[in-house]
1. Gln101 is checked against (1) modelled with pLDDT of 90 or more; (2) closer than 20 Å to Ala164 by Cβ and fails just one. What number does that condition carry?
2. Does Ser3 count as surrounded by fewer than 21 Cβ atoms within 10 Å (Cβ to Cβ), modelled with pLDDT of 65 or more and not charged (D, E, K, R)?
3. Considering only the range 56-76, I want to know if a residue exists there that is open to solvent by less than 10 Å² (accessible area, probe 1.4 Å), within 15 Å of the chain's Cα centre (by Cα) and at pLDDT 70 or above.
4. Inspect the range 209-222 for any residue being at pLDDT below 90 and either under 15 Å from the mean Cα position of the chain (by Cα) or farther than 30 Å from Pro98 by Cβ (or both) and give the result as yes or no.
5. Take the residues of the range 182-199 that are on the phi < 0 side of the Ramachandran plot and not in a strand (DSSP E or B): which is least open to solvent (accessible area, probe 1.4 Å)?
6. Taking the range 156-181 on its own, how many of its residues are outside any strand (DSSP E or B) and either over 20 Å from Pro217 (Cβ atoms) or not hydrophobic (A, V, I, L, M, F, W, C) (or both)?
Amino acid sequence: MVSATLVSRFVAPAILAGALAGSCLADTTPAADAVVAQCARLFFPASSLAESLDAIPGLTRLPLDSFAPEAEHGRALRMALAYNRALQGIMATALIAPENQLMREFDVVAADTPWLYSTPGQGGGVAAYADAAGTLFIIDRSITTGRQGRRETRCLFIAPPDTAPLVPVLPENVTITDTPSASSRGFNVSARQGRIPFDDDAAVSTASAGFSMVTMPVPPGTRVADLAGIGGVTIFRQSTSNRSSQ
């Protein structure tokens, strides 16, 4: 059994980053690699990010109303977020059934997703796409202002049911500092985390932003897989703070 401390270290949503080896993960795709390359860029407004993603071959832009709670994509997105939240509890204790943990977190996520309706280019934004295989690519970009202003990009790759989640190739300019992993009760998490340099800013050439990418397959043939209706999720996120934001 994985201890609660270990799982908290490896599974907390704000920390993890991912790439599982073996048969439980799907091979990467050029589209997935291109999305991560754009999400790992640091100097652009949200509107430019959406334009860059629109230009990636093999992706179809999805309207945001397709992510309403009652819509198919909307449920898949909320289940991916709920599964991310639920894994810590699933792996840390045998007292709660995994399906109960998942549905508890799903109720929480379903009640609080205002970021889905932010406006690109005005302090934040979201863009959503699908490829021919049915993988969803959802990009959430948020900006906060003030003394501790923060700019964050979160890219979710949601695998369709009975399909292993993708593990996109990371851009060459990132530095990997850790590759944690954890497994318990049939649930596996594997991650990469590190730094993205400010390559195009000579004044702060030694500065960098943190990033993480976590891959979380849903165990096939389980009750959780039946409830979630997704094959798993890979989440890439990076953030900067105390810098001017567009």
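The values are calculated or read from the model by the stated rules, or taken from the named source; none is laboratory data. Since this is a predicted model, take the numbers as computed values, not measurements. Ideal geometry is used to build each Cβ from the backbone, glycine not excepted, and the neighbour counts take in all protein chains shown. Heads up: the accessible areas ignore ligands, DNA and RNA and are worked out on the full protein's heavy atoms, side chains in. Shrake-Rupley method; radii C 1.70, N 1.55, O 1.52, S 1.80 Å.
1. Only one criterion is unmet by Gln101, namely (2).
2. no
3. Checked the range 56-76: no residue is open to solvent by less than 10 Å² (accessible area, probe 1.4 Å), within 15 Å of the chain's Cα centre (by Cα) and at pLDDT 70 or above.
4. yes
5. This residue is Phe198.
6. Here the count works out to 12.
So that you can scan it fast, the table gives a plain yes or no per residue for (1) at pLDDT 90 or above; (2) surrounded by fewer than 16 Cβ atoms within 10 Å (Cβ to Cβ):
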residue: Met79; (1), (2): yes, no
residue: Gln88; (1), (2): no, no
residue: Asp112; (1), (2): no, yes
residue: Ala127; (1), (2): no, no
residue: Arg141; (1), (2): no, no
residue: Glu152; (1), (2): no, no
residue: Thr177; (1), (2): yes, yes
